[in-house]
1. Looking only at region 91-110, count every residue that is outside any loop (DSSP other than H, G, I, E, B) and either modelled with pLDDT under 95 or within 39 Å of the chain's Cα centre (by Cα) (or both) and tell me the total.
2. List the strands (runs of 3 or more DSSP E) that sit entirely inside region 115-167 and contain at least 2 residues that are aromatic (F, W, Y) and at pLDDT below 95.
3. Quick one: in region 150-187, of everything that is touching a Phe, Trp or Tyr at 6+ places or on another chain (Cβ under 7 Å), without any contact (Cβ under 8 Å) to a residue 60 or more places away in the chain and of a type in the set (A, V, I, L, M, F, W, C), which residue is farthest from V93 (Cα to Cα)?
4. Can you find, within region 186-214, the residue that is nearest to K129 (Cα to Cα) among those that are hydrophobic (A, V, I, L, M, F, W, C) and either at pLDDT 95 or above or assigned to a loop (DSSP other than H, G, I, E, B) (or both)?
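The values are calculated or read from the model by the stated rules, or taken from the named source; none is laboratory data. Not measured: the values here are computed from a predicted model. With ideal geometry, Cβ positions are generated from the backbone for all residues, glycine too; neighbour counts draw on all protein chains shown.
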Amino acid sequence: MRRSIASAAAAVVLAAALVACGGSGGGSSADADHSKGPGSGFGLNPGAGQSTDDTSSDMPVPDPTTTRPTVGKLGDTLTLEGSPGTSFGTVLVDITLNKYEDHAQPAMGYFGARNGQRLVAAQFTIVGKGDTAYTDSTGYVGARVVDDQGQTHNSKPGTPTAGESFPLILSVKPGEKATGWVIFDVPENARITGVQWVMDPIAEGFGDSKPEGKGRWSLN
């Protein structure tokens with residue numbers, strides 16, 4: 001009798017141990033699902049379903065130079081970038097269209113408009129902002145005017161009575177400033193609606209100029 005009782009007791013203890021360890025196949029489906037929770041060791045990722053750390057601070061900050069405006073109106077300052085050419089560094093300038101004369105007068109008759117055309121003039125201020133000098137070997141070729149038909153009219157050498165023109169060789173180093181007038185011949189009846197400055201006019205002729213190197217001021 002004592003052996004029967006002892007055997008029965010041992011069987012009960014063994015069954016309880018198997019259930020506690022999950023070794024019994026008689027557990028309910030609810031118990032089985034519960035055992036598959038996070039960290040249960042059944043091959044599931046312990047971090048599944050959890051939010052990850054905020055990595056927004058690691059995102060690259062947009063370059064403000066890529067969003068500089070290249071259009072404005074009379075009196076506005078535009079920041080334009082040019083090619084360094086044979087130099088190293090960044091050619092960056094602030095250019096302001098200060099004034100515009102729709103019927104300009106030449107300082108000398110030689111600078112007057114051709115037959116059927118009139119003279120117009122624009123005054124700019126250029127401030128060097130990069131780490132390399134901005135150079136225009138003509139002092140005027142980067143400037144243009146645009147009429148209401150979309151036609152572009154190039155600048156020409158000369159000085160108006162309104163003030164001094166840029167020097168023949170324009171060079172503006174970082175931190176320096178230059179102010180000067182540029183003159184243009186346009187058709188007598190043309191209505192000029194805009195003024196442009198192109199940092200790399202030669203490169204533009206080959207379709208190789210930078211969009212951020214061309215500024216336009218509206219006169220409307």
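1. Adding up the residues that qualify gives 13.
2. So the answer is none; nothing clears 2.
3. If we take residues in region 150-187 being touching a Phe, Trp or Tyr at 6+ places or on another chain (Cβ under 7 Å), without any contact (Cβ under 8 Å) to a residue 60 or more places away in the chain and of a type in the set (A, V, I, L, M, F, W, C), then F166 is farthest from V93 (Cα to Cα).
4. Across region 186-214, the extreme among qualifying residues is M199.
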